[in-house]
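Trainee: For reference, the structure I am asking about is given below.
The values are calculated or read from the model by the stated rules, or taken from the named source; none is laboratory data. Predicted, not measured: the structure shown is a model, and the values here were computed from it. So basically every Cβ, Gly included, is an ideal-geometry build from the backbone, and we count neighbours across all protein chains shown. Ligands, DNA and RNA are stripped out before the accessible areas are found, and what is left, the full protein with its side chains, is counted by its heavy atoms. Shrake-Rupley method; radii C 1.70, N 1.55, O 1.52, S 1.80 Å.
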Amino acid sequence: MLPDQLRSKLREMIAGAESPREKAIDVMYAIQELQGWMNDEAMVEAAQLLAMSPLELEELATFYDYIYRSPVGKFVIKVCDSTVCWLEGQLRLTDYISSRLGIGLGQTSADGLFTLLPVCCIGYCDRAPAMVINKRVYGNLTPEKIDRILAQLAQKADFSGSE
Amino acid sequence: MAFEYPQVLFKNRKPDRAATLEEYRQSGGYEALQKFIGGAVSPGEVIKIVTESGMLGRGGAGFPTGVKWASVPGSGAFPRYLVANADEMEPGTFKDRVLMHADPHCIIEGMTLAAYSFSASKAFLFVRPSYESGAVILERELENARQAGFLGKNILGTDFSFDIVVHRSGGRYICGEASALLNAIMGKRPNPVKPPPYATEKGLWEKPTVVNNVETLANVSHILRNGPQWFKALSATPQGAGTKLYGISGKVARPGAVELPIGTRLSEIIDVHCEGLAKGSTFKACLPGGASTRFMTADHYDIPMDFEDLKKIGNRLGTAAIMVFDQNTCLVGATLNLLEFFARESCGWCTPCREGLPYMRELLRRIEYGEGKEEYIPNLRMLCKQVWNSYCALAPGAAEPVISLLDFFEDEVRQHISEKGCPFHA
């Protein structure tokens, strides 16, 4: 069950649209912000709010890169594997992140903090190699920089856990 | 000073933040809005000026902007919609991101004037997920524009009302294709749709809709304020018009987005504005306009980078995203990477693209990893032709790097086959 507060926020969001399903992605983003991913119950509730059938919403959820239909870590690391990043050593960097976190592509770390995924060009070719974590982009990556970012994020996760 | 040119879209660009509304106004911003909307100049006049300016769409296809606006029928239904396409998901392309971060109000003013020209009342600014920072900047600045009376109900006290919402994408390459983009906004699976009817007649919710690239829209207020002749004179070539945002990446010393007269030569772009090739690199080839254009060799290093000159050599300016490859880059590997992108991002709607692209990827993969056979070369050529049967332009775009790899670097492909592996990894 979605919390009442979120539900009324979503209703308000949908009310401002030309047609309810225009807000399908925004609604799923808002739910993911709260619980990380779109589980079956959330799909049914979101579809209801959007005046769609769960199947119609499923068509979108499984289509887009940033909607998750299975559990993901608190931080979803998407490493760009398109041309310019490939040119600038993305393969080595992905291996580095993979070994640092002890997970392969498509996996989530045991502490539930990190999920590692490949992603198509993120539009930061001038700062290749680059990656996006949740919706924040990090460019000009080096192993040292990756160490720093991962350490900062792990710390952030502690803070929010203690709130 | 030599090599310094008028900055139009990037004139308010700063290293660390977006220009504010105040800074934009100080540089002449919102004067065109005052003159044309505040002064109740006829919408037809706006279209006439933009058509005369020779402005060609900056999203890749190069369609005349004024002609597109004029194709909204006068008898067309209301409400009418404008869509600003900031999806920019093709590998190598990032100039629209830099523009959104540099001067958001020139996009907002341009959109408002474009909407005025065909009486649109609402616009969607479509932004991809990795450009969230751009979306946040634009939402903030849209509110500032509303507060100042430049956007929203009764703009500048006139009876013209128009507003813009930022529409966040879920992130897929196909969403940049105009007809798929409209489906995405309506919350449908973003399959492309073949015209007719054209979006300018029946687009979003069956109402007249114009889709323009954000760089295109950002030019509009400048054209209206300074006149079509001024705009034409910005070009480096007689046939061109305006400046162009070039996004250069890969093996250059200083990658980035630069604003230059359209038609600036590739040699100048790389040698001067990117400070040459990266250390230790020599130029081997580039993709001149994003991932769906053809490899261009050193034979054309001096080519004027505009729509016409690239068309003359069978290539395309596309999005003017120049990806530079050096002597150590395996172009079979680079093409395999491109096909990995296209195959993964195929929306799956039509068979030639859904089945054809993974097939091409597999043949390239085998060649790259030493399992290639001679017959794969004619097979790849055939597939490049077959994907033209697909529903939208994205699969034929995917074939461009492949066919040009075979046209210009067949020896390199054959070397992979005869040596049973990648010579660059030896």
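Trainee: Report, by chain and number, residues whose modeled amide H sits under 5 Å from the one on residue B:166, excluding near sequence neighbours (fewer than 5 apart, same chain).
Mentor: When sequence neighbours closer than 5 places are left aside, the close amide H contacts are B:125.
Trainee: For residue A:113, what residues show an amide H to amide H distance below 5 Å, using hydrogens built from the backbone and excluding near sequence neighbours?
Mentor: A:74
Trainee: May I ask you to list the trypsin sites (Lys or Arg not before Pro) in the stretch A:1-104 that are in a DSSP loop and have at most 16 other Cβ atoms within 10 Å of their Cβ?
Mentor: Passing sites in the stretch A:1-104 are A:69.
Trainee: On to the next question. Which residues make up the longest stretch of chain B that has no trypsin sites (Lys or Arg not before Pro) in a DSSP loop with at most 12 other Cβ atoms within 10 Å?
Mentor: B:18-152
Trainee: When the Cα atoms of chain A are enclosed in a convex hull and the volume is divided per residue, what value in Å³ results?
Mentor: Spelled out: Cα convex hull of chain A, divided by residues, is 127 Å³.
Trainee: Roughly what would the spin-label model give for residue A:1 and residue B:148, points 7 Å off Cα along C-beta, in nm?
Mentor: Taking the simple label geometry, residue A:1 and residue B:148 are separated by 4.8 nm.
Trainee: Give the calculated FRET efficiency between residue B:369 and residue B:40 to the nearest 0.05, with a Förster radius of 51 Å applied to their Cβ-Cβ distance.
Mentor: 0.20
Trainee: Here is a further query. Take every DSSP beta bridge whose two residues both sit in chain B, then give the antiparallel share in percent to the nearest 5.
Mentor: 45 percent
Trainee: Hey, in the GNM for chain B with a 10 angstrom Cα cutoff, which one of B:335, B:297, B:112 fluctuates hardest?
Mentor: Judging by the Gaussian network model, the answer is B:297.
Trainee: Out of residues 5 or more away from residue B:265 or on other chains, whose amide H comes under 5 Å of its own, with H placed 1.01 Å from N in the peptide plane?
Mentor: It is B:305, by chain and number.
Trainee: As a quick test, which of the pairs A:156/B:251; A:23/B:385; A:9/B:68; A:23/B:207; A:9/B:122 have an alpha carbon distance above 30 angstrom in this structure?
Mentor: A:156/B:251; A:23/B:385; A:9/B:68
Trainee: Also: Got a sec? Which residues in the stretch B:232-261 would a label at residue B:308 touch, if it sits 7 Å along Cα→Cβ and we count backbone N under 17 Å?
Mentor: Flagged as within label range: B:232-244, B:261.
Trainee: Calculate I(q)/I(0) for the protein assembly as shown by the Debye formula, one identical point scatterer on each C-alpha and no solvent, and give its log10 at q = 0.12 Å⁻¹ to two decimals.
Mentor: Log10 of I(q)/I(0), two decimals: -1.29.
Trainee: OK, next. Nearest 5 is fine: what % of DSSP beta bridges in the stretch B:21-231 come out antiparallel, could you say?
Mentor: DSSP beta bridges in the stretch B:21-231 are roughly 10 percent antiparallel.
Trainee: Which of these, A:17, A:30, A:110, has the largest mean-square fluctuation under a Gaussian network model of chain A (Cα springs below 10 Å)?
Mentor: Of the options given, A:17 has the highest mean-square fluctuation.
Trainee: Percent of Cα-Cα pairs per 10 Å bin, from 0 to the last occupied bin, for the stretch A:75-160, please list those.
Mentor: 19, 56, 23, 2
Trainee: For labels at residue B:328 and residue B:420 in the simple 7 Å Cα→Cβ model, what's the distance in nm?
Mentor: Simple spin-label model gives 2.8 nm for this pair.
Trainee: Still on this model: How large is Rg over Rh for the stretch B:1-151, taking Rg from the Cα atoms and Rh as the Kirkwood inverse mean of 1/r across Cα pairs?
Mentor: We get a ratio of 0.95 for the stretch B:1-151.
Trainee: Show me you know the interface measure: the accessible area buried between A and B, both chains summed, probe 1.4 Å, in Å² to the nearest 100.
Mentor: 3500 Å²
Trainee: Give me the angle, in degrees from 0 to 90, between the Cα long axis of helix A:143-162 and the longest principal axis of the Cα atoms of chain A, rounded to the nearest 10.
Mentor: The angle comes out near 40 degrees.
Trainee: Could you pull the accessible area for residue B:425 with a 1.4 Å probe, rounded to 10 Å²?
Mentor: Number for this one is 140 Å².
Trainee: Additional query: Which value, in Å² rounded to 10, gives the accessible area of residue A:147 with a 1.4 Å probe and all protein chains present?
Mentor: Ignoring ligands and nucleic acids, residue A:147 comes out at about 50 Å².
Trainee: Taking a 1.4 Å probe, which of A:55, A:87 shows the most accessible area, and what order do the others take after it?
Mentor: These residues rank, largest area first, as A:55, A:87.
Trainee: Can I ask one more? Roll a 1.4 Å probe over the protein heavy atoms and report the accessible area of residue B:355 in Å², nearest 10.
Mentor: Around 110 Å² of this residue is reachable by solvent.
Trainee: Further question: How high is the relative contact order of the stretch A:4-63, in percent, with contacts defined as C-alpha pairs under 8 Å that are six or more residues apart?
Mentor: 29 percent
Trainee: What does the accessible area per residue of the protein assembly as shown come to in Å², with a 1.4 Å probe and no ligands, DNA or RNA counted?
Mentor: Counting only protein heavy atoms, the per-residue value for the protein assembly as shown is 39 Å².
Trainee: Same structure again: What fraction of the DSSP beta bridges in the protein assembly as shown is antiparallel, stated in percent and rounded to the nearest 5?
Mentor: Roughly 45 percent of the beta bridges in the protein assembly as shown run antiparallel, per DSSP.
Trainee: Moving on to the next point. Take the solvent-accessible surface of the protein heavy atoms, probe 1.4 Å, and return the percent of it on chain B that carbon and sulfur atoms account for.
Mentor: 52 percent
Trainee: Let me ask something else. How much FRET efficiency would the formula 1/(1 + (r/R0)^6) give for residue B:119 and residue B:388, where r is the Cβ-Cβ distance and R0 is 51 Å, rounded to 0.05?
Mentor: With R0 = 51 Å, the Cβ-Cβ based efficiency is 0.85.
Trainee: Build a GNM of chain B with springs between Cα atoms under 10 Å: which of B:247, B:276, B:314 gets the top mean-square fluctuation?
Mentor: B:314
Trainee: May I ask for the distance between the Cα centers of the stretch A:18-62 and the stretch B:341-410, given as a whole number of Å?
Mentor: If we compute the Cα centre of each part, the gap is 35 Å.
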